[in-house]
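**Q** Below you'll find the structure I mean.
Coordinate-derived values only; no laboratory data. Computed from a prediction, not measured in an experiment: that's the story for all the values here. Heads up, the Cβs are rebuilt from the backbone with ideal geometry, glycines too, and the neighbour counts pull from every protein chain shown.
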Amino acid sequence: MNENTLRMTNISKSFAGVHALHGVQLELHSGEVHALLGENGAGKSTLVKVITGVHQPDTGEIYLNDQRIHLGDPREAAAQGISAIYQELSIFPDLDIAENIFVGRRPTRAGGLVDWRRMYREAEALLSSLGIHLNLKTKARYLSIAQQQMIEIARALSVNARILVMDEPTSALTLNEVADLFRIVRRLREAGTAILFISHRLEELFEIADKVTVLRDGGYVDTRSMDGVTQEDLIRMMVGRTIKDMFPKKEVEAGEVILRVKNLTRKGSFKDVSFELRKGEILGMAGLVGAGRTEVSQAIFGVAPADEGTIEIEGQSVHITNPGQAMQHGLALVPEDRQHHGLVLPMDITDNITLPRLTHFTSRGWLNVKDAHGAAYQAATQMQVKATTVWQKARELSGGNQQKVVLAKWLSTNPRILILDEPTRGIDIGTKAEVHHLMSDLAAQGIAILMISSELPEVLGMSDRILVMHEGQVTGLFSRSEATQEKIMLAATQAV
Ligand SMILES: Nc1ncnc2c1ncn2[C@@H]1O[C@H](COP(=O)(O)OP(=O)(O)OP(=O)(O)O)[C@@H](O)[C@H]1O
Ligand SMILES: [Mg+2]
């Protein structure tokens, strides 16, 4: 039979003094979904890049069906049937779906001309084998993240991937999209593909994975069957301690209204959105991805102002047309797409954290490096950013640690109104609890928090009140005591 086994032993990899991996082992079999679990910076993505030939390990061996192999670059890995879908998708927005699937490998006819008909026919066949029906001529920029991901899976299959690595494929998906993705993953498993699956959401692993390998600080902890472990076991293996108090919401008496939004409207995005936010309150904003929550928050913060409606801060009508003005009014926004909007990758951690307040650390044109460093160090420590020093470049950090730097940056602006768009996406379970503690503390100090989240346990666990949106309109408002998962889902999927 076509039994495939990828076996890796004693894998180590360092980057300029950082031991990203040491002595790691992993065994992947065809027809199994193998989860890779660990805190932010534990070495998961680095291991993925070793498997796909992006990085060459300093020590260790890789065997495919007991044959020792050497993966000098991603091309060699692809030739062995190894493909990956990375944390950051690699989609070309101006190419259409079929072109994206066959990018760099378009089928040609004798004479070297591209065989367009064959390309579209094969793309169609690939997508329907995944149960997906999309117009192949659609430009990738018009696709949702979930759809873009499907295209990447189709691309991996088009090179006959027998080993498929998925690095946090679900972090930007809605519940329904995750269900679709899992349907495809199961289909691939049945067809004999070996799948390595990374996710910070433990519930998902219990749903989809057969086995789990845990990494901690670049080291190998254990490999277990998912049947034989509990959530608590996994957390203990991952962080070396147990975490209680997952949603540490403090009871806070809400103060006066600090933000009042009335009939906010932007054509094509959202309509007649009205709500109030009080001091010390956490207002959760629930809904499916694409419901218009991010657009509303961007309108309030002046990134893309609304066409109609009013915004009042402490009873005063304000006209905010850019983020600078919003910050002067005491607003802060932690964006959802932190890679692109929240972080300057070539800059170090200190500069990234102090960026919004540079004038604060500057006198007569000189930056007070010591103060900036102190502030950055404090914020980075509070957020448990894993880095060698606060001078390390943001691009060298793991995905989750980049997220933490962005959170640290905005929390250190001492806002009165804090808007958090998916605050714990991609963040490991230990730090997630830490972020929730911090939110609870900030609210207790009187800061008003608007929290957009697609994770229902987070919304239910952390919010005083919950506003639900569907297709650009508010479809529900619930108090903490009356809210349930069912009520929120119903409002999120139903028009008014
Ligand atoms: N190119 C690089 N240069 C320097 N250090 C790096 C580089 N790539 C990764 N590292 C370091 O290696 C360690 C492991 O990072 P990795 O990205 O593998 O973590 P991860 O487990 O994928 O975390 P996350 O859950 O946050 O995505 C981190 O300390 C990271 O800063
Ligand atoms: Mg990673």
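**Q** May I ask you to compute the full-extension gain from residue 141 to residue 263, defined as 0.36 nm times their residue separation minus their alpha-carbon distance, rounded to one decimal in nm?
**A** Here the segment from residue 141 to residue 263 would lengthen by 40.9 nm.
**Q** May I ask for the longest run of the chain untouched by trypsin sites (Lys or Arg not before Pro) that are loop-located per DSSP and have at most 14 neighbouring C-beta atoms (other than their own) within 10 Å?
**A** Between the exposed loop sites, the longest stretch runs 365-496.
**Q** Once phi is turned into θ = phi - 60°, what whole-Hz ³J(HN,Hα) does the Karplus curve with 6.51, -1.76 and 1.60 give for every residue of the range 31-40, x standing for Gly and Pro?
**A** x, 10, 9, 10, 7, 10, 10, x, 5, 4
**Q** Between the DSSP loop rule and a limit of at most 12 other Cβ atoms within 10 Å, which GluC sites (Glu not before Pro) in the range 461-496 are left?
**A** Sparse-neighbourhood loop GluC sites (Glu not before Pro): 482.
**Q** For the chain, what are the DSSP H helices with axial Cα length of 15 Å or more and mean Kyte-Doolittle hydropathy of at least 0.5?
**A** Flagged H segments: there are none.
**Q** Return the loop-located chymotrypsin sites (Phe, Trp or Tyr not before Pro) in the range 353-404 (DSSP other than H, G, I, E, B) with at most 12 other Cβ atoms within 10 Å of their own Cβ; answer none if there are none.
**A** Within the range 353-404, the qualifying chymotrypsin sites (Phe, Trp or Tyr not before Pro) (loop, at most 12 other Cβ atoms within 10 Å) are 391.
**Q** Let me make sure I get this right: for the range 370-446, a, b and c are the square roots of the gyration tensor eigenvalues over alpha carbons, sorted descending. Under 1.5 in a/c it's rounded, otherwise prolate if a/b > b/c, else oblate. Which is it?
**A** Since a/c reaches 1.5 but b/c is at least a/b, the shape of the range 370-446 is classed as oblate.
**Q** Rg (Å, one decimal) plus Dmax (Å, integer) for the alpha carbons of the range 257-493?
**A** Computed over the Cα atoms of the range 257-493, radius of gyration and Dmax are 17.7, 57 Å.
**Q** What is the calculated FRET efficiency for residue 368 to residue 109, with r their C-beta to C-beta distance and R₀ = 56 Å, to the nearest 0.05?
**A** 0.30
**Q** Okay, next question. Which one of 268, 301, 382 has its Cα pushed farthest toward the positive end of the charge dipole of the range 257-493, where Lys and Arg give +1 and Asp and Glu give -1 at the Cβ?
**A** In the range 257-493, that residue is 382.
**Q** In Å, what Rg and Dmax follow from the Cα atoms of the range 1-103?
**A** Answer for the range 1-103, Rg first and Dmax second: 15.0, 44 Å.
**Q** Would you mind working out the magnitude of the charge dipole of the chain relative to its Cα centre, with +1 at each Lys and Arg C-beta and -1 at each Asp and Glu C-beta, to the nearest 20 Debye?
**A** So the dipole magnitude of the chain works out to roughly 920 debye.
**Q** Another question, if that's okay. Whole number please: convex hull volume per residue, Cα atoms of the chain, in Å³.
**A** Per residue, the Cα convex hull of the chain comes to 171 Å³.
**Q** How charged is the neighbourhood of residue 31? Take every other residue with its Cβ under 13 Å from the Cβ of residue 31, and add Lys/Arg as +1 and Asp/Glu as -1.
**A** Around residue 31, the charge tally is +1.
**Q** Taking 0.36 nm per residue of separation and subtracting the Cα-Cα distance, what length does fully extending residue 314 through residue 61 add?
**A** Value of the extension gain: 84.8 nm.
**Q** Continuing with this model, one more query. Calculate, in nm to one decimal, what residue 381 and residue 158 gain on full extension: separation in residues at 0.36 nm each, minus their alpha carbon distance.
**A** Using 0.36 nm per residue and subtracting the Cα-Cα distance, I get 75.8 nm.
**Q** Using alpha-carbon positions, what is the distance between the centroids of the range 192-243 and the range 407-426, in Å?
**A** So the separation of the two Cα centres works out to 29 Å.
**Q** Net charge around residue 311, counting only other residues with Cβ within less than 15 Å of its Cβ (Lys, Arg = +1; Asp, Glu = -1)?
**A** Value of the local net charge: -3.
**Q** May I pose another question? Under the rule of -39500 (n - 2.57) per DSSP H run of 4 or more residues, summed and divided by the residues of the chain, what mean residue ellipticity at 222 nm is obtained, to the nearest 500 deg cm²/dmol?
**A** Only helices count here, giving -9500 deg cm²/dmol.
**Q** Name the GluC sites (Glu not before Pro) in the range 168-254 that are in a loop by DSSP and that have at most 14 other C-beta atoms within 10 Å, would you?
**A** Answer by residue number: 251, 253.
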